[in-house]
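Q: Here it is, the structure in full.
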Amino acid sequence: MNYKKLVIAGLACVGMASVDTLAALSTDDYVEAAWMTTRFYGAQRSGEGPNWMSMGTNFTTSFTKDSYNGKDVSGGWFDCGDHVMFGQSQGYSSYILALAYAEFTEGFYDLYTGDYSDYKAADDFSRKSGKPNKVRDLLEELRYEADFWVKAAISSSAFVTVKGDGDMDHKNWVTPGKMSTMGTGEGGDPRPITGNANDSYTPGMAAAMLAVMARVDPDESNRTKYLAAAKTAFEYSKSHKGVTTSGNYYAESWWDGRWADGAFLAALELYRTTKDDSYKKEAESWWDKIEFLKGSYSRLNYANAVPLSVVMGQGLLDLQPGGQYRDMQLFLDNIYAGYDQNKDGIWMKETGGGGSFSVRTPSGGAFLYALYAKFSGDHDYDEAIEKNVAYLLGENSNKKSYVVGFDRNSAKAPTAPHHRGYYGNEDPGRTVEGMGSAPSKNKYFGAMIAGAFNDGNHSNSVSNWQVNEVCVDLNAPMVGALGYILSKKAPKTDKDLGIETPQDTSAADTSKNDSIPGAINPVVKLSDFTMSQSGMDISLTSVKGESFKVQVFDMQGNKIQEIFSIGGSVNFTLKAKGVLHMRVYSRSLRQIYTIKAI
């Protein structure tokens, strides 16, 4: 079913829709889920850490000797349930999280201290033992990753895309700290480092993440170093092509040519942060290289960022994607909301049994529609966003939660994640199926498993990676969607959290930049324009008396007509019948209508 409602009078509501069928999940349940899925990244920390999952083991740090040509490149996040750093998925994940933080800031809370000393002191790693420290938790997790990307962006000709070797790393089921001591052949120090790959995608995504951090981090010194590294990473991205191939773990062919998104998003975010028009021009140039058709068939994932590019490009720069679906809403609907692509309102295209990493579809769709709502002001998908997130948290017929540790409302949480650190094992002689129970402090791991939607129960086999794999890219859209939901249900302002609001987090005043409407203008309310329709005749008036532009599209995204007002009003006749989309733009306002012309 298509969740887009056909409304004549514009946006029917602002804010999260009331959903009676989801009453079982309270706001506090969403807070719990957001806390867990965010803190997951603290269990993925490589380097000095601190890594909360490694606390209590004999080796609390890991891979501190990572270097490239004598330069320290330690740190960052482990890729999945292993100890390799694959930048292909890590760049994608870190950008999504930074973007979510920037757009839905008030949906991310301050529930713990970033070094996890609060949990350690209490000897209790549940949410109740966390101590706020006046820094939003997601920002602290992002800073750890951003600091690694600063190291990775060595120069315009040297950028670290991979640390470690997957085959060596996968030999043993031990904690990262223990593996560090076992020598190169067993996945330990010193590890092979890839710093000169012909890769545009990974440094592009890293540059986009760093550019966002250079805009949103309250600390001026952080903003300065992040912006410098973003520019360096972008220069590397521009002068390379493709994606790093890493043996059996990541292959360039998986992207099917969809690698230009990294450079496009980097240029876009650098423009948003610096307001330098040269970056806008570069973004427009890279836009023309994006594989829209190839990206229109598949859900959002680390190897297909095209849907994200479409939302960002059209939502912020009013760029239209090529191909059949030349509108961001229609582009998303084609992937997620069509009749043959969902079940009972849950987005299930490309999902099913083990190996399909089913959870990517509902969470990715929820995140993309959340961004769509932010940039367009259209909240008709809010009910669907919440329903799909709730499904992953156990609001389904099987009461299966797909997040390790989330068992609210009698949901059955997974207990056998395919993750080496989770079990705290430091004996290389133990096999994957001999892991046993995890330390009690790891109960609230917060990792989302790959999952299977066609099985009523969870697999309890640790070796079953097809179902129990956990990865940084699986959690990222889920964290973003949860942030959006909480920003509507229970937003926390800086004042609420006792946080000092940054005075200026970019190189210019964003409130006056008309080229980025979604980033800088307030959410458009119904009262901004008045519209009346009589058959095929339309009358529009700006309540501010501003001149404005009207664009009319059919359901395939084809632009049918464009009208410019003279003064604050315009009258015109529609040139096509059927269901149409009408966009209205003025200097400070933006609104979308779906109308029916008969």
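Q: Here is a list: Ile499, Ile485. Which entry is modelled with pLDDT of 85 or more, among the β-branched types (Val, Ile, Thr) and under 13 Å from Ala34 (Cβ atoms)?
A: Details: Ile499 fails: under 13 Å from Ala34 (Cβ atoms).
Just one listed residue meets the conditions, Ile485.
Q: Confirm whether Gly323 is at pLDDT below 95 and within 26 Å of Ile592 (Cβ to Cβ).
A: For Gly323, the condition - at pLDDT below 95 and within 26 Å of Ile592 (Cβ to Cβ) - is met.
Q: Between residues in the stretch 344-360 that are acidic (Asp, Glu) and residues that are in a loop (DSSP other than H, G, I, E, B), which pairs lie under 6 Å by C-beta distance while being six or more apart or on different chains?
A: If the second residue must be in a loop (DSSP other than H, G, I, E, B), the pairs left are Glu350/Arg299.
Q: Looking only at residues that are assigned to a loop (DSSP other than H, G, I, E, B) and among the polar types (S, T, N, Q) in the stretch 69-94, which one is farthest from Asp167 (Cα to Cα)?
A: Asn69
Q: In addition: Among the residues of the stretch 233-251, which ones are open to solvent by 40 Å² or more (accessible area, probe 1.4 Å) and touching a residue at least 60 places away in the same chain (Cβ under 8 Å)?
A: Glu235, Ser239, Gly247, Asn248, Tyr249
Q: Next question, about the same structure. Of all residues in the stretch 319-367, which are of a type in the set (Phe, Trp, Tyr), in a loop (DSSP other than H, G, I, E, B) and under 18 Å from the mean Cα position of the chain (by Cα)?
A: Tyr336, Phe357
Q: Right, Leu574: modelled with pLDDT under 80 and either open to solvent by less than 40 Å² (accessible area, probe 1.4 Å) or of a type outside the set (A, V, I, L, M, F, W, C) (or both) or not? Walk me through how you get there before you give the answer.
A: Numbers: modelled with pLDDT under 80: no; either open to solvent by less than 40 Å² (accessible area, probe 1.4 Å) or of a type outside the set (A, V, I, L, M, F, W, C) (or both): yes.
No, not satisfied.
Q: If you go through the stretch 268-318 one residue at a time, how many are assigned to a loop (DSSP other than H, G, I, E, B), open to solvent by 10 Å² or more (accessible area, probe 1.4 Å) and under 21 Å from Met478 (Cβ atoms)?
A: The qualifying residues number 3.
Q: Applying the selection to the stretch 130-152, what residues are of a type in the set (A, V, I, L, M) and either more than 23 Å from Ser94 (Cβ to Cβ) or open to solvent by 10 Å² or more (accessible area, probe 1.4 Å) (or both)?
A: Val135, Val150
Q: Among the residues of the stretch 390-443, what is the count of those that are over 14 Å from Thr175 (Cβ atoms), in contact (Cβ under 8 Å) with a residue 40 or more places away in the chain, open to solvent by 20 Å² or more (accessible area, probe 1.4 Å) and among the charged types (D, E, K, R)?
A: Count: 4.
Q: Another question, then. If you scan the stretch 48-66, which residues turn out to be among the hydrophobic types (A, V, I, L, M, F, W, C) and closer than 16 Å to Thr113 by Cα?
A: Trp52, Met53, Met55
Q: Residue check: is Ala228 over 30 Å from Asp427 (Cα atoms), open to solvent by 40 Å² or more (accessible area, probe 1.4 Å), assigned to a helix (DSSP H, G or I) and among the small types (Gly, Ala, Ser)?
A: Criteria met by Ala228.
Q: Okay, next question. Considering only residues of the stretch 113-129 that are more than 19 Å from Arg45 (Cα to Cα) and touching a helix residue (DSSP H, G or I) at 6+ places or on another chain (Cβ under 7 Å), which is surrounded by the fewest Cβ atoms within 10 Å (Cβ to Cβ)?
A: Per the criteria, the residue is Ala122.
Q: How many residues does the stretch 541-562 hold that are farther than 17 Å from Asp318 by Cα, more than 33 Å from the chain's Cα centre (by Cα) and either modelled with pLDDT under 80 or not β-branched (Val, Ile, Thr) (or both)?
A: Count: 5.
Q: Continuing with the same structure: Do we find that Asn334 is open to solvent by 10 Å² or more (accessible area, probe 1.4 Å) and closer than 23 Å to Asn468 by Cα in this structure?
A: So Asn334 does not fit the description; no.
Q: May I pose another question? Cβ-Cβ below 7 Å, separation at least six or inter-chain, first residue in the stretch 281-300 and in contact (Cβ under 8 Å) with a residue 60 or more places away in the chain, second in a loop (DSSP other than H, G, I, E, B): which pairs?
A: Final answer for the pair search is Arg299/Lys349; Arg299/Glu350.
The values are calculated or read from the model by the stated rules, or taken from the named source; none is laboratory data. From a predicted model like this one, the values you see are computed outputs, not experimental measurements. Heads up, the Cβs are rebuilt from the backbone with ideal geometry, glycines too, and the neighbour counts pull from every protein chain shown. Remember, those area values only see protein heavy atoms, side chains included, never the ligands or the DNA or RNA. Shrake-Rupley method; radii C 1.70, N 1.55, O 1.52, S 1.80 Å.
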